[in-house]
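Working notes for the structure below.
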Amino acid sequence: MRFLPIGSTISHMLSSTLNNLGFALRAQWPWMAVMAAIFAVIATTTNIPLGATQEENEAYFRANPGEVSWFVFLIFVSVVIAMLAFSSIAVAWHRYVLLDEVPQGMARLRVDGTVWRYFGNIFLIGLLLILAMLPLSLLVIPLMSLHPAVGVAGALAYVVVIIMPIIYRLSIKLPAIALERRDFKLGDAWTVSAGNWWQIVGVGVVATLLSWIVGLLMALVSKLLNVTLGDTVGLWIDIALQTGVNWVVTIMGITLLTSLYGYFVEKRDF
């Protein structure tokens, strides 16, 4: 049994991400261009005011009911393509880190059986997490009767202590899919990480906090740009910044899964 070192795991995730961002951009810009094009289609075909509040959006849809179906369809398509893009990017990144494989040409938009298996297993893990969330209602309802703050604290504790390690332990299978290992099952991912429940909680909490810090810094920069450049120009820059931040955070998450697979399955040290 191997015990996961929290500090070394986070350090490896950060160094692997920062040291390879240039490669990641060169290898993954086609998918970023695809997602930007989808956003452009949504922005130019729905006439939804950019930067509108929720109340303004609701008022717009009430005044333009014919656009609701089209908007919902576009959102559905964009979510599916975004998940497919994530799966393709993740497969390429896992293979780059673990096999030193560099995608070239159209391979950067890889959508093959391996990517679809990755895509499908993300949904399978998601379904298992929904089942794991069911007991949460039994916990929160009595706690909410005591005090709303107690209910929120209980729900947060359940997610951090129960759901987070389940996500990471099951997701160790995903890099195995990228390596085209059909012999490695979800049960194997659960077994190899046994005895590391609290270590994985610690890694997950630190990784989540780092993602929030990056997001907060981006929000601060965005606010300053809106003040200095005006709402319209600042909004488009904000969209570009948000896209970049989401991409970096995504790479961090994929790198963390790669690190967990390398440590538990391939017995690599950081």
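Taking Cα centre as origin and charging only the Cβ of basic (Lys, Arg, +1) and acidic (Asp, Glu, -1) residues, the dipole magnitude of the chain rounds to 720 debye.
Of the residues Ser88, Trp247, Val68, the one whose Cα sits farthest towards the positive end of the charge dipole of the chain is Ser88 (charges of +1 on Lys and Arg Cβ, -1 on Asp and Glu Cβ, taken about the Cα centre). Here the 3J(HN,Hα) profile of the range 180-194, calculated from phi with Karplus coefficients 6.51, -1.76 and 1.60 at θ = phi - 60°, is 6, 8, 7, 7, 9, 9, 4, x, 5, 4, 5, 5, 5, 9, 4 Hz, Gly and Pro shown as x. With a Förster radius of 22 Å applied to the beta-carbon distance between Met1 and Val161, the computed FRET efficiency rounds to 0.60. Of all complete DSSP H helices in the chain, those with a Cα span along the helix axis of 27 Å or greater and a mean Kyte-Doolittle hydropathy of 1.6 or more are 66-99, 113-146, 197-229. In terms of its C-alpha gyration tensor, the chain comes out oblate, because a/c is 1.5 or above while a/b does not outweigh b/c.
Can you compute the label reach from Leu210? Point 7 Å from Cα along the Cβ direction, backbone N cut-off under 14 Å, restricted to the range 1-44. Within reach of a label on Leu210, which here means backbone N under 14 Å from a point 7 Å along Cα→Cβ, the range 1-44 contributes 5-21.
Taking all protein chains in place and a 1.4 Å probe, what share, in percent, of the accessible surface of the chain do carbon and sulfur account for? Walk me through the numbers before you get to the answer.
On the way: 10340 of 14410 Å².
Carbon plus sulfur share of accessible area: 72 percent.
Estimated at 0.36 nm per residue, the fully extended path between Leu124 and Lys223 surpasses their Cα-Cα distance by 31.8 nm. Excluding ligands, DNA and RNA, the accessible surface per residue across the chain is 53 Å² with a 1.4 Å probe.
Quick one: which of 13-19, 201-207 comes out on top by average Cβ neighbours within 10 Å, and what's the full order, highest first? Working shown, then result.
Working: 13-19: 16.3, 201-207: 18.4.
Highest-to-lowest ranking by the protection proxy: 201-207, 13-19.
The alpha-carbon of Lys173 sits under 27 angstrom from the alpha-carbons of these lysines, leaving out residues fewer than 8 places away in its chain: Lys185, Lys267. For the pair Val140 and Arg181, label points projected 7 Å from Cα toward Cβ lie 3.6 nm apart. Label sites at Lys267 and Leu25, each approximated as a point 7 angstrom past Cα along Cα to Cβ, lie 3.9 nm apart.
The values are calculated or read from the model by the stated rules, or taken from the named source; none is laboratory data. Computed from a predicted structure; not experimentally measured. Ideal geometry is used to build each Cβ from the backbone, glycine not excepted, and the neighbour counts take in all protein chains shown. Surface areas here come from the heavy atoms of the whole protein model, side chains and all, with no ligands, DNA or RNA. Shrake-Rupley method; radii C 1.70, N 1.55, O 1.52, S 1.80 Å.
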